[in-house]
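Report on the following structure.
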């Protein structure tokens, strides 16, 4: 069976059964979802193809510390269910900017944050997921990068438009099962190749490419590769930043981002929302073993490819002169898996990609329809709003597709954009004396700080646009 069939088979049924005739039914699944699909969807929405590529690649380059990004979510998810969701439910909101409008009064802050969130979804979320998914398909199937990107975008958009959030959540639940089963099989096979977990550290520290750069140590694995908490001064991922700094970003993503909160708001009761968060917390403990460690094993088995450091050699292997650690996971799939299981792993990556894309498409449609279009067309009927919600995502998807074809060097910009937005939202929700004008000005000054950081041209261009928008709204 073709891997795409395994993913697409249940979509028609879930889309057909979905309650799509009302705004609440389309964007919040009629607030009727049980705890287990919510938990699976929370996990699948965050485990995009970019995470498989990025976590495995970072694990291959630096060890297990990157798993802290996943483990940090385990307690923040509990804060979502016990602290944030009760407030959101009692306020009767559908989108996060709507909550801030009720908190501050007025509509300018709502319009501003909706515009900001839509721009970020195009230039960070959609583009990075599309690029990493297309990279995997290119390595495994030999398809053209541009063709892969367009096909994945079309398939994902079709069933998101057809079924709304109900189809997205139940499809995410199925895709979570596919991802976990496939990743467990690959992990077990990879550990068998190196003789089990006890040999991981010794084998990783000796995984040195044959072609190195003289008088440098960049070809050597980090000696603290097996340390989850690293030195705050010399570590590449210091424990202070991973514990305290990352918690700020995690709170933004898991507690105030529209993609995540929208799933919790679709629960049939507050208890089901809490149960979904607990399930997602347990699932978020898996990537260290199922993604990060296989990335390290990929470097052990293929040090000349995954661990290359010579620019010319790296360009020959993967087309990038700065390193080939991003091919760690697809390389492992293609070399270790037999044909049948290789198809399963391709299905895993396609499932991961489509889970994250459908989540972004549906949530950004809710933002555009409820916060922007309803403001522009005050007399719009529910039928018109539903049509806009279904078909208004095409320009955003196209923009993300074009941006995703540029390449993979988007992480610094994504983190800075996220930091600006999360700090504003967290302070806005916690400081009861602040005004909407202070909130807007705060983000502008924080965003302007990026202009002093070298090497972030795209970040400067995007944040310049945000500054202009905010002052126009003010």
*How high is the FRET efficiency from residue 188 to residue 34, r the C-beta distance, R0 22 Å, rounded to 0.05?*
0.10
*asked:* How long are the semi-axes of the equivalent ellipsoid of segment 3-407, taking √(5λ) for every eigenvalue λ of the Cα gyration tensor, in whole Å from largest down?
replied: 37, 22, 20
_Modelling each spin label as a point 7 Å along the Cα-to-Cβ direction, I'd like the residue 181/residue 158 distance in nm, to one decimal._
2.3
*How do 272, 227 line up, fewest other C-beta atoms within 10 Å first?*
227, 272
_Kirkwood-Stokes translational diffusion coefficient of segment 65-171, alpha-carbon pairs, 20 °C, 1.002 mPa s, µm²/s_ = 124
*Compute the distance in nm between two label points, each set 7 Å from the Cα along the Cα-to-Cβ direction, one at residue 83 and one at residue 282.*
2.4
_How compact is segment 193-286 by the rule of thumb for globular proteins, expressed as Cα Rg over 2.2 N^0.38 Å?_
1.62
_Need one number: nm distance between label points at residue 271 and residue 205, each 7 Å from Cα along Cα→Cβ, rounded to one decimal._
5.2
_Extended-chain gain in nm, criterion 0.36 nm per residue less alpha-carbon gap, residue 243 and residue 75_ = 59.3 nm
*Spherically averaged projected area of segment 228-372 from its Cα convex hull (nm²)*: 12.8
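Every number in this text was worked out from the coordinates using simple rules, so none of it is lab data. These figures come from a predicted structure and were not determined experimentally. Reconstructed Cβ throughout: ideal geometry from the backbone, glycine too, with neighbour counts over all protein chains shown.
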